[in-house]
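As structure tokens, the structure follows; a few thoughts come after it.
The values are calculated or read from the model by the stated rules, or taken from the named source; none is laboratory data. These numbers come from a predicted model, not from an experiment. Cβ: placed from backbone, ideal geometry, glycine included. Neighbour counts: every protein chain shown.
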Amino acid sequence: MPKTAVTPTRMVLNQLKGRLKTARRGHKLLKDKRDELMRQFMDVVRLNKELRRKVEEGMTGAFASLTVASTIMSPEMLEQALLHPRQSVELGMSFKNIMSVNVPVYSFRTKNNDPSEIYPYGFAQTSGELDDALEKLAKVFEDMLELAQVEKTMQLLAEEIEKTRRRVNALEYVMIPNFEESIRYISMKLEENESSTKVRLMKVKDMVLEKAHNFEY
Amino acid sequence: MLKIAVLGGRDTVMGFKALGLDVFPAGSAEEAKEAFRYLTKESEVEYAIIYVEENLARYLEHEISRYKDVPSPAIIFIPGREGPLGLGQSALKAAVEKAVGTDIL
């Protein structure tokens with residue numbers, strides 16, 4: 001018996017056959033989508049791993065310089081030096097479509113193009129280590145931006161892969177077997193009906209013949 | 001115009017201020033939660049990227065997981081002064097696990 005109740009008629013049988021065909025095609029398409037997503041995802045993961053390592057290393061270096069700077073300068077002076085930034089960053093965001101997943105692409109623009117603008121202080125009262133730290137930080141920031149893009153892409157792709165995988169599995173292990181089962185059930189039922197009709201007809205024929213001619217086997 | 005925010009300890013975010021990012025220093029779990037809520041809900045300007053220091057991210061796990069499947073904002077862990085805690089790595093692992101079903105790294 002199929003799990004869902006179906007009326008064993010020829011019309012339902014035809015409908016089910018159509019749905020099975022669609023489900024098979026959908027399953028194949030989704031499987032292809034999943035495979036391609038997976039390929040892209042693995043590239044992104046590899047890139048992400050590399051970038052994260054780079055960012056973590058770069059930031060460790062920058063923080064080390066900053067620590068040195070903060071030992072040389074008093075905390076108040078350090079804060080004062082960094083309090084009023086001369087630089088500001090504006091971010092642009094557009095979307096790229098990877099296999100119907102919208103992933104962000106960032107572009108950033110600094111207000112001042114002069115790279116020396118990251119130092120918001122006079123050089124007289126601050127130590128060279130602070131300059132060093134900021135330079136390192138500015139360098140690592142570009143990687144950080146790329147990391148943000150790659151990591152978000154990775155998360156969104158993972159989400160989509162999970163969804164696609166569920167759909168593929170649902171089709172493969174639930175929908176398609178159910179349809180097949182129902183189709184088998186209906187065709188068997190139809191066959192049964194047919195043979196019982198045949199038997200009944202034969203019986204009727206016998207009865208009619210017997211009545212008409214008093215004929216007997 | 002979109003902006004970039006850095007959420008972390010006072011010492012960590014200081015340097016990023018000079019680069020022209022918007023910084024939100026937070027010392028405790030409550031402060032971090034407050035700042036995060038401001039960044040994602042109340043703020044007038046839209047923040048497309050929020051960098052969160054790893055040792056604060058621990059307190060924000062629940063909030064952050066809500067933004068994992070939306071295109072914006074991107075919430076990225078950055079190591080703090082003490083060096084990487086491995087939270088960024090585990091985020092990567094979690095994504096792989098989600099996609100593949102097992103940890104293949």
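For residues that are of a type in the set (Gly, Ala, Ser) and not in a helix (DSSP H, G or I), scanning just segment B:1-45, find the one that is nearest to A:MET144 (Cα to Cα).
This residue is B:ALA5.
If you check B:VAL100, B:VAL13, which single one turns out to be modelled with pLDDT under 85, surrounded by 18 or more Cβ atoms within 10 Å (Cβ to Cβ) and farther than 26 Å from A:ARG109 by Cα?
B:VAL100
Given the options A:SER74, A:SER127, name the one that is among the small types (Gly, Ala, Ser), buried (at least 18 other Cβ atoms within 10 Å of the Cβ) and more than 10 Å from every other protein chain (Cβ to nearest Cβ).
That would be A:SER127, the only listed residue that is among the small types (Gly, Ala, Ser), buried (at least 18 other Cβ atoms within 10 Å of the Cβ) and more than 10 Å from every other protein chain (Cβ to nearest Cβ).
For segment B:55-92, which positions are part of a helix (DSSP H, G or I), in contact (Cβ under 8 Å) with a residue 12 or more places away in the chain and facing chain A (nearest Cβ under 10 Å)?
B:GLY88, B:ALA91, B:LEU92
Is there a residue being at negative phi and away from chain A (no Cβ under 14 Å) anywhere in segment B:6-23?
No.
Could you identify the single residue in A:LEU13, A:LEU20, A:LEU37 that is within 12 Å of chain B (Cβ to nearest Cβ), of a type outside the set (Val, Ile, Thr), surrounded by 16 or more Cβ atoms within 10 Å (Cβ to Cβ) and part of a helix (DSSP H, G or I)?
Of the residues listed, the single one that is within 12 Å of chain B (Cβ to nearest Cβ), of a type outside the set (Val, Ile, Thr), surrounded by 16 or more Cβ atoms within 10 Å (Cβ to Cβ) and part of a helix (DSSP H, G or I) is A:LEU37.
Exactly one of these conditions fails for A:PHE95: (1) in contact with a Phe, Trp or Tyr (Cβ under 9 Å, 6 or more places away or on another chain); (2) exposed (fewer than 15 other Cβ atoms within 10 Å of the Cβ). Give me its number.
Every condition holds for A:PHE95 apart from (1).
What is the one condition in (1) in contact with a Lys or Arg (Cβ under 8 Å, 6 or more places away or on another chain); (2) more than 30 Å from B:MET14 (Cα to Cα); (3) assigned to a helix (DSSP H, G or I) that A:PRO8 does not satisfy?
(3)
For segment B:40-54, how many residues meet the condition of being within 14 Å of chain A (Cβ to nearest Cβ) and closer than 27 Å to A:ASN97 by Cβ?
Of the residues in segment B:40-54, 7 are within 14 Å of chain A (Cβ to nearest Cβ) and closer than 27 Å to A:ASN97 by Cβ.
So in segment A:1-22, with the set limited to residues that are charged (D, E, K, R) and under 24 Å from A:ALA170 (Cβ atoms), which one is modelled with the lowest pLDDT?
By that ranking, first place goes to A:LYS3.
Answer yes or no as to whether A:GLY92 is under 30 Å from the mean Cα position of the chain (by Cα), free of Cβ contacts under 8 Å to residues at least 40 places away in the same chain and outside any helix (DSSP H, G or I).
yes
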